[in-house]
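Participant: Just passing along the structure, written as C-alpha cells.
What follows is calculated from the coordinates using simple rules that are stated; it is not laboratory data. These numbers were taken from a predicted model, which means no experiment stands behind them.
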Amino acid sequence: LDFNAQYSIGESTEEGFYNENTYNPSDMTLLVPGSLDQFVRTIDGNAITTIQLDYYRPLTFTKLLEDGTEQKNPGKIETGAKTTIRQVSQDYYQETFDVADDSANNKFNFSEQVHAAYAIFGQEFKPKNKDFASFKYQIGLRGEMVLITSEVETDPTIYKNNYYSLYP
C-alpha cells in the first residue's frame, strides 16, 4: 500500500508604470498635449493539491497437473485512486491617472478537480512444456471525473465544464 500527498502554493506580483506620448511620425511633434500615465498590477496565485493511494497484491494461481504435480502461475491485482485539485487566480488592476475608468480591472478564478480510480488484474500462464513461452495478460479500467469552474468576478457568469471518462 502506497500513499502520497503533496501541496504546492505560489504567488507572484508584477507592477509597472507606463508613460505614453503620441507623436507625429513625420516631424516628431507632440500630437496630444500631456501624456497618458498608467499603473498596472497583476497578482497571480496558484495552489495544487495531489493525493494518491495505490495498492498492489501479487497472486499465485495453483493448477493440479495430470501427473499430480502443481503448477504455479503468478498474477496480480493493482488498484488505486488519485485526486488533483488546482486553483489559479489572476487579479489585474489598471489605473490611468486623471481618467476615471476601471473597466479593465478584473479578477479571474479557475478551479480544476480531477478524481480518478483504476483497477488492473493480470495473470501469467506458464506452459507445462518449457520449450514454449509463457502467456501474460492484464486487463484494467480507469475512471475519471473532472470538475472545472472558471469565473471573472466582474461578470456574474460562472463557467462550468464537468465530464466523466472511462479508459480501458
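Participant: Just to compare against my own numbers: the Cα pair-distance distribution for the stretch 1-78, 10 Å bins, whole % per bin, please.
Facilitator: Taking all Cα pairs of the stretch 1-78, the binned fractions are 12, 15, 13, 12, 11, 10, 8, 8, 6, 4, 1 percent.
Participant: A further question on this structure: Taking the Cα atoms of the stretch 52-96 alone, what are Rg (to one decimal) and Dmax (as a whole number) in Å?
Facilitator: Computed over the Cα atoms of the stretch 52-96, radius of gyration and Dmax are 26.6, 92 Å.
Participant: Looking at the stretch 40-168, what % of the alpha carbon pairs are farther apart than 27 Å? Please list the in-between numbers first.
Facilitator: Details: 4368 of 8256 pairs.
Roughly 53 percent, rounded to a whole number.
Participant: Also, quick follow-up: Could you give the length gained by full extension between Ser89 and Leu1, i.e. 0.36 nm per residue of separation minus their alpha carbon distance, to one decimal place? Write out the running numbers ahead of the final one.
Facilitator: On the way: separation 88, 0.36 × 88 = 31.68 nm, distance 3.52 nm.
Taking Ser89 through Leu1 to full extension adds about 28.2 nm, to one decimal.
Participant: Follow-up question, since we're still on this one. Residue by residue through the stretch 7-18, what is 3J(HN,Hα) from phi via Karplus (6.51 cos²θ - 1.76 cosθ + 1.60, θ = phi - 60°)? Round to whole Hz and write x for glycine and proline.
Facilitator: 9, 9, 9, x, 8, 9, 10, 10, 10, x, 10, 10
Participant: Right, next: For the stretch 27-168, how many pairs of lysine residues have a Cα-Cα distance under 13 Å, where the two are 8 or more positions apart or belong to different chains?
Facilitator: Details: Lys63/Lys72; Lys63/Lys126; Lys63/Lys128; Lys72/Lys126; Lys72/Lys128; Lys76/Lys136; Lys126/Lys136.
Lysine pairs, 8 or more places apart or on different chains, close enough: 7.
Participant: Compute the Kirkwood hydrodynamic radius of the stretch 126-167, taking the inverse of the mean of 1/r over all pairs of distinct Cα atoms, and give it in Å to one decimal.
Facilitator: On the way: mean 1/r = 0.0662 Å⁻¹.
15.1 Å is the Kirkwood radius here.
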